[in-house]
Amino acid sequence: MVTVANMMRTQYRAVSLPLTELGLTRLHRMGIHAIVQGHRSRLQGQRLALRQGQLHIECDTTQDRNSRAKKGLQGVLSR
């Protein structure tokens, strides 16, 4: 069974169900050809990566002021 949370999570962990060829085909049939992955602290901008056959757009989406400060990130929301 695949839940909405599993579909939205883009971090691959050992306990996660694998993204199979069938799953990848189904994503593509639904028109999903890329996933935005905001779990990467990318200070140089976005990066395109191919993970398990799926295109990922890696970017920094850290918005919380305290989290940005802990990571040493600058921006409007940082202190």
Practice problem: Provide the per-residue ³J(HN,Hα) series for the stretch 60-73, in order, calculated from phi with Karplus coefficients 6.51, -1.76, 1.60 and θ = phi - 60°, each as a whole number of Hz, with x at glycine and proline positions. | Solution: 9, 10, 5, 10, 5, 4, 5, 5, 5, 5, 4, 7, x, 8
Practice problem: Would you grab the residues whose amide H sits under 5 Å from the one on Arg51? Only those 5+ places off in sequence or on another chain, please, with H modelled 1.01 Å from N. | Solution: His56
Quiz prompt | Rounded to whole Hz, the Karplus (6.51, -1.76, 1.60) HN-Hα couplings of the stretch 43-59, x for glycine and proline | solution = 7, 9, x, 7, 9, 8, 9, 9, 10, 6, x, 10, 6, 10, 9, 8, 7
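A short reminder: the numbers here are calculations on the coordinates, not readings from a lab. Computed from a prediction, not measured in an experiment: that's the story for all the values here.
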